[in-house]
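The values are calculated or read from the model by the stated rules, or taken from the named source; none is laboratory data. Not measured: the values here are computed from a predicted model. Glycine also receives a Cβ, built like all others from the backbone with ideal geometry; neighbour counts cover every protein chain displayed.
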């Protein structure tokens, strides 16, 4: 069974409170040997770090403030995020970004928050995990102005080839989640088939955005295999090749160690 990396899963969230360990074990048993768990604010970043310490070698944390919560990124919150980001189990600054769809924080506040977190990522030498919803033009502008030299990923990429080219030209990875399996997302399927194999990742964004067979239900890390198989089919390559490539890409971006041979100690 080829190993996979779920590069974006929120298993620290309340939706997994009743069965979190069982969900992680099920993913490990299904070949999802490593998972990156981003925070959306200080509290969930702290929880992600605790989970990474509970499942060493299999779960890794990211620390950041989501655009929905951008107004919470006070000076004090940034100090705590900086402390978290220095921890060895924290492999990225994220989830950070812009969201002009829901606009749960004022757009100016969102832009200020992401720029401050770009600076944090540069300081701690971590990649960034980007949330980018109906905000692509401003995202590219801010990346060009404030993120030169940073590495990172457009998480749950949804867009066309032009948007993908702009992200790729800046050196970023594209990560595909459940929406790539939805029949109506033909432009997204085109991007997943076309993008360079050494620049793509797979993720679940669990508990959200379950792939087609589980659409509308709670998503789980083990479902990343369904997304990976779908992309392999779009590209006309074996699943094993897609799994090896995306796992290698994840390890390169996040500096992940090889997964432990067993996970009995984490049970």
| Given the conditions (1) out of contact with any strand residue (DSSP E or B) (no Cβ under 9 Å at 6 or more places or on another chain); (2) assigned to a strand (DSSP E or B), and given that residue 187 satisfies all but one, which numbered condition is not satisfied? | (2)
| What are the pairs, 6+ residues apart or on separate chains, where a residue within the range 39-63 that is on the phi > 0 side of the Ramachandran plot and surrounded by fewer than 20 Cβ atoms within 10 Å (Cβ to Cβ) has its Cβ under 7 Å from a residue that is modelled with pLDDT under 95 and part of a loop (DSSP other than H, G, I, E, B)? | 57/259; 57/260
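Okay, residues lined up against (1) under 18 Å from residue 200 (Cβ atoms); (2) touching a residue at least 60 places away in the same chain (Cβ under 8 Å); (3) surrounded by fewer than 20 Cβ atoms within 10 Å (Cβ to Cβ):
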| residue | (1), (2), (3) |
| --- | --- |
| 114 | no, no, no |
| 119 | no, no, yes |
| 122 | no, no, yes |
| 131 | yes, yes, no |
| 147 | no, no, no |
| 154 | yes, no, no |
| 161 | yes, no, yes |
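Could you list, in sequence order, the residues of the range 190-207 that are assigned to a helix (DSSP H, G or I) and either under 13 Å from residue 156 (Cβ atoms) or free of Cβ contacts under 8 Å to residues at least 40 places away in the same chain (or both)?
Matches in the range 190-207: 190, 191, 192, 194.
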| field | Failed item in (1) crowded, with 20+ Cβ neighbours inside 10 Å; (2) more than 13 Å from residue 12 (Cβ to Cβ), with residue 95 passing the rest | value | (2)
| Considering the range 208-224 alone, what residues qualify as being touching a strand residue (DSSP E or B) at 6+ places or on another chain (Cβ under 6 Å) and in a helix (DSSP H, G or I)? | 221, 222, 224
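Return the residue satisfying two criteria in turn: it lies in the range 215-232 and is loosely packed, with under 15 Cβ neighbours inside 10 Å and over 18 Å from the mean Cα position of the chain (by Cα), and of such residues it is nearest to residue 168 (Cα to Cα).
Residues of the range 215-232 loosely packed, with under 15 Cβ neighbours inside 10 Å: 215-218.
Imposing the further condition that a residue be over 18 Å from the mean Cα position of the chain (by Cα) reduces the set to 215-217.
Working: 215: 29, 216: 31, 217: 32 Å.
Within the range 215-232, the match that is nearest to residue 168 (Cα to Cα) is 215.
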| Does residue 247 satisfy the condition of being assigned to a helix (DSSP H, G or I) and modelled with pLDDT under 95? | no
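Applying the selection to the range 134-165, what residues are under 14 Å from the mean Cα position of the chain (by Cα) and under 22 Å from residue 227 (Cα atoms)?
At the first step, the residues of the range 134-165 found to be under 14 Å from the mean Cα position of the chain (by Cα) are 151-158.
Listed by number, the residues that qualify are 152, 153, 154, 155, 156, 157, 158.
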| query | Looking at residue 47, is it closer than 24 Å to residue 137 by Cα, modelled with pLDDT of 95 or more and assigned to a helix (DSSP H, G or I)? | reply | no
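What tally of residues in the range 1-14 results from selecting those that are surrounded by fewer than 17 Cβ atoms within 10 Å (Cβ to Cβ) and under 21 Å from residue 64 (Cα atoms)?
Residues flagged as surrounded by fewer than 17 Cβ atoms within 10 Å (Cβ to Cβ) and under 21 Å from residue 64 (Cα atoms) within the range 1-14 amount to 1.
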